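Chemist: The structure that follows is given in the form of structure tokens.
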Amino acid sequence: MPEFAESRKKLVPIHSVTKFSLADAYRRLCKRWVSTSVASSEARDRDARMAGSIFAMPVMLGIAMITSQTLMQEVAGVVSLVVGFLALPMILCGALSLSRDSKVVGATALAVYGLAIASISAAESSANLLLWIMAAAMPLEAWLVHRSRKALRVSACGAGLVIAALLIVSARNGIAVPLSPLTLLACLGYAAALVARTAEAFAGIARAARRDDRLADLERAIEGVVIGLTIDGQIASLSPKAQDQFGMARSLLIGTPLLERVHVSDRVQFLGFLADLKGGASGVSVDAKLRCVAPGESPKHPHGVRFATYRLRAAPHSQGEGFVIVATDISQAVADRNALTVARREVETAEIAKSRFLASVSHELRTPLNSIIGFSDVLLQEICGKLPDGRQREYVELVHRSGTHLLSVVNAILDVSKIEAGTYPIFTESFAFKEAVTMVHDMMAHQASQKGVTLCDRVSPRIGNVVADSRAIHQVLINLVSNAIKFTEAGGVVTIDALIEDDMLAFSVSDTGIGIAEADLKTLGQPFRQVQNDYTRKHEGTGLGLATVKGLVGLHGGDLRIKSTLGQGTIVDVRIPLSGPVMEHDPEEPANIVEFRAESGIRGGSYAEARKSA
């Protein structure tokens, strides 16, 4: 028993299932008679309702004939009933399925319906009640199909003519209206059907109004234009913003192919866009230039044509009746992007010209500098004879020292230019990092002792070997230690440390010098940038040392970080891969590197290739 009770709860009433199944089948039948050329869903729904009324029309006429006893006694009445059932709806629905504009078909069906009512009443001695109700309900039937005031007015005129004919027949044969039980039952059934259909129509109108309000809110919130597109590419609907965007009334655009508004150069892409949608893609986007109407420049030409770039994003319609497209105007974004491209090319050209200039000038300076240094060294060695005056020796030493300094500056400029241009050669090899640190320590110890600075080497021999360019690593250590000694006062300490972290060699050079302000840390590592204060002005420098370090570390696939506190000291941390830089190109080709800007939007591409030829 519990199982039986439980199963009864799950049962659905048979009559309700049958009712809904029959209603759905009838709706599907009506939709099959709608012409495929009808674009909008609203028009398709209207034509489906019209087909339903056409199919119901001979049924009502047949019931009216059955309730008329005189006609049923004649064979001609039976033949007319059969013809009405079979021929009339087929003819009208066939015309509906072939017509793109169903107004003529609807008017014809209404006229035939009214004429049939008048003919049936004329064949009787007196029109029965069902005929009167059918004639009076003609405006309601027309409104249920078209849902418009115009249809209501036209059908009311037709209903007036039919009622006039019924009055004439009744006046001729007597005012009495025959009323049989069958007629009364038919009248009540028809009235109940009218009430149910009217209630359903008002409910549908309310739902459509709510849906339209929500859709209008969404269309106002969306920045672009919402376009309803049919399967064959016709514009079926447009959001209110279309008139402002395209400069034309929506009524002039609806029903025209969207392809006509696409610029010729973008039509191939647009057709591919439609093909992807028809192929079942869930979402497709394309950028295309659409023709818009713009205000003219003179009274003689009040309107002009312009092409604006739109991004079209589309998805299939939820009811399978076409596609929904959101067209967003990206003309300003495209213009900004083009302007940015032009500006970037100008910057690239300026950077290439600068690098070529620096490289050319540096090469031209090295030859005379080598001569100056060489000959001044010969004079200091007194190979060609002693200098008679002590001041001459002082001057020669000054020339030699200045020439040596200038040559180091030129070499630094060349190194930075090569690194920035991507032509600095890197030759990796395995070498002991401790030996490199010891060599740099011994080299810089004399400079540190002259300054009164203690230079400490705390690197353990257990660090082992590293795969890198030994010449570049030596240059990095020399530049970092030299800077640390330069900006550390007497009594300070400069320390070199190193350790292994996650297959990376991490080494640092720290000092107890003057430190760097936080605002100045952002500019460090850029060529010819130095921290300016009273202390740094006392020391020579071009700001190329740290730029060279940053570039060489970058060539090894590492990174450089600077931590400093003003008045307490600075720590420069360097991390490079133990197994050498990752070569993403031909090992025979020189590696490339990002420019020495604090913030740069230029990365690789044609610029990197162009810089290699600088």
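Chemist: Quantify how much of the Cα-Cα distance distribution of the range 91-141 extends past 16 Å, in percent.
Modeler: Considering the range 91-141, 48 percent of its Cα-Cα pairs are separated by more than 16 Å.
Chemist: For LEU258, what is the net charge nearby, where nearby means another residue's Cβ is under 11 Å from its Cβ and Lys, Arg count +1, Asp, Glu -1?
Modeler: +1
Chemist: Right, here's the next one. Could you sort 439-450, 192-203 so that the peptide with the highest average Cβ count within 10 Å comes first and the rest follow in order?
Modeler: Ranked from most to least packed, the peptides come out as 439-450, 192-203.
Chemist: How big is the dipole moment of the range 337-418 about its Cα centre under a simple scheme where the beta carbon of each Lys and Arg is +1, that of each Asp and Glu is -1, and everything else is neutral? Debye, nearest 20, please.
Modeler: 380
Chemist: Pulled fully out, how much extra length does the chain show between GLU382 and GLN269, if you take 0.36 nm times their separation in residues and subtract their Cα-Cα distance?
Modeler: Result: 32.6 nm gained on full extension.
Chemist: Given a Förster distance of 56 Å, report the FRET efficiency between ARG250 and VAL347 from their Cβ-Cβ distance, rounded to the nearest 0.05.
Modeler: Details: r = 45 Å, r/R0 = 0.81.
Between ARG250 and VAL347 the formula returns 0.80.
Chemist: Roughly speaking, what is the stretch gain from ALA333 to ALA87, that is 0.36 nm per residue apart minus the C-alpha to C-alpha distance, in nm to one decimal?
Modeler: 82.3 nm
Chemist: Next up: Please work out the FRET efficiency for the pair ARG401 and ALA445, using the Cβ-Cβ distance as r and a Förster radius of 25 Å; give the result to the nearest 0.05.
Modeler: Efficiency, rounded to the nearest 0.05: 0.80.
Chemist: Grab the other residues whose beta carbon is less than 13 angstrom from that of SER155, score K and R as +1, D and E as -1, and report the net.
Modeler: Details: positive: LYS103, ARG147, ARG149, LYS150, ARG153; negative: GLU141.
In short, +4.
Chemist: Now for a different question. Suppose R0 equals 60 Å; then what is the FRET efficiency for GLU501 and ARG306 from their Cβ-Cβ distance, rounded to the nearest 0.05?
Modeler: On the way: r = 60 Å, r/R0 = 1.00.
Computed FRET efficiency for GLU501 and ARG306 comes out at 0.50.
Readers should treat all values here as calculations from the given coordinates under stated rules, not as data from a laboratory. This is a predicted model, so every value here is computed, not measured. Heads up, the Cβs are rebuilt from the backbone with ideal geometry, glycines too, and the neighbour counts pull from every protein chain shown.
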